[in-house]
1. If you filter the stretch 15-91 for trypsin sites (Lys or Arg not before Pro), then keep DSSP loop positions with at most 14 other Cβ within 10 Å, what is left?
2. Starting from the Cα coordinates of the stretch 157-259, work out the convex hull volume and express it per residue in Å³.
3. Using the Karplus equation 6.51 cos²θ - 1.76 cosθ + 1.60 (θ = phi - 60°), what ³J(HN,Hα) coupling, rounded to whole Hz, does each residue of the stretch 176-187 give in order, writing x for Gly and Pro?
4. Rounded, prolate or oblate: which one fits the stretch 1-114, using the alpha carbon gyration tensor with axes a ≥ b ≥ c (rounded when a/c is under 1.5, else prolate when a/b beats b/c, else oblate)?
5. For the chain, what is the percent of antiparallel DSSP beta bridges, rounded to the nearest 5?
6. Near residue 238, which lysines are there with a Cα under 18 Å away, not counting those fewer than 8 places off in the same chain?
7. Can you list the GluC sites (Glu not before Pro) in the stretch 345-420 that are in a DSSP coil and have 15 or fewer other beta carbons within 10 angstrom?
8. When Lys and Arg each count +1 and Asp and Glu each count -1, what net charge do the other residues less than 15 Å away from residue 120, Cβ to Cβ, add up to?
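Nothing in this text is a laboratory measurement; each read-out follows from the coordinates by a stated rule. Just so we're clear, the structure is a prediction, and the values are computed from it rather than from any experiment. Note: ideal-geometry Cβ built from the backbone for every residue, glycine included; neighbour counts use all protein chains shown.
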Amino acid sequence: MSFDAAEIRADFPVLDRRVNGHPLTYLDNAATTHTPRQVYDVFEEFYAGYNANIHRGIHELSHEASIAYEEAHDRVAEFLGADGREEIVFTKNTTESINLVAYGLSRGLDAGDEIVTTEMDHHASLVTWQQIAKRTGATVRHIPVTADGHLDMDAARELVTDDTALVCAPHVSNVLGTINPIEELVDLAHDHDAYAVVDGAQSAPTRPVDVGAMDADFFAFSGHKLAGPTGIGGLYGKRAILEELDPFLFGGEMIRNVTLTDSTWNELPWKFEAGTPPIAEGIALGAAVDYLSELGMENVRAHENDLAQYLLGELADREFVRTYGPEVGEERTGLVSFNVQGVHGHDLSSLLNDRGIAIRAGDHCTQPLHDRLEIPGSARASVYVYNTREDIDRLLDVVDSAREDLDGYLASERYHDLIS
Ligand SMILES: Cc1ncc(COP(=O)(O)O)c(CN[C@@H](CS)C(=O)O)c1O
């Protein structure tokens, strides 16, 4: 049983927006997805009904807020296949989650250790681990990306050695759409007694994830990419590892006993959630994973791939377009990065915006990957559960006329007024 993308658009009133006189066509979901009313209604319910701090008040509203916030952890744990709330730490986003792991693991790193990431990693990973390496004296090595947008696993098997302390890789590339062999990477790390850190920013929203079957030690994700609000995300960690990991932030909530000279820590996951958390956001994250579970993540995965294959096939048929990532036919997540001959991605993005179409253009926080591709940037269209083939057809219309449109724009008074 799949879902009807056209039907569920009713859950997302923002999709009724008009932009520059055109209906909004939102194709920037790899950056941020929209939030259904079933999720944003949580904010009104919370603030109008039971707003209170959690775990601190001996009163009804605090009890209700605490229960709702704790149960949201349970629902996210179930969504990701974790063993329970103890393995789910709410953070701000994927970036903070990776930083939490890096801070915790850095104490055990020194000059003899190696950190292995990949050429396709997002800056949230690449920059974090390069700075940790500078601070600890560890060395960072990178699994190369092949010409057709895959991780070079032969090279990976050479790079991961008994000197490797951890391997960090994206489950899915936010530029190439590649779905990486994450179980193989996790096994490779474990074969060398290294931690396996998975960047799940683009996989948690788009396909079934079972962190237990994956055997990842850590799995990072963001709420705003999976129909949830901004300001909330999370980190899955194996319970035994989180028990031993140093806290990332210190203060209230994360402690058990405090003296003037030392402290002991609270139980999981609260040990890693210092201070007053974004309570409504956390409860809304639980509603977001419920919403997606209702659609069925296998159905989401199939929808993503179907639209991506359609878009990729159409773009690949245009000799003036270059696409990046795996060939048509190989499963990918719902995004295609591409360039139109003679049209900078930013100009294409502007031309599309003139027609109410939202994509992303630039380096998508993966400058080393774009260096590897030998391009300064790319345009990227990314779909989600509410997009249809009609949305893609509107994008393709502008792609087909972009060179003429741009020539016309550059010849126009509007442009010359700009530069005169
Ligand atoms: C693979 C991957 N890893 C980490 C992040 C960071 O997510 P945050 O919620 O910003 O912390 C992202 C977010 N990528 C967005 C913003 S750059 C994109 O447009 O592709 C990602 O795709």
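1. Within the stretch 15-91, the qualifying trypsin sites (Lys or Arg not before Pro) (loop, at most 14 other Cβ atoms within 10 Å) are 17, 56.
2. On the way: hull volume 14.2 nm³, N = 103.
Spread over its residues, the Cα hull of the stretch 157-259 gives 138 Å³ apiece.
3. 8, x, 5, 9, 6, x, 5, 4, 5, 5, 5, 4
4. Details: a/c = 2.23, a/b = 1.27, b/c = 1.76.
Taking the square roots of the gyration eigenvalues as a ≥ b ≥ c, the stretch 1-114 is oblate.
5. 60
6. Qualifying lysines at Cα under 18 Å: 271.
7. On the way: sites: 374, 390, 404, 413; in loops: 374.
Hits after loop and neighbour filter: 374.
8. So the surrounding residues net to -4.
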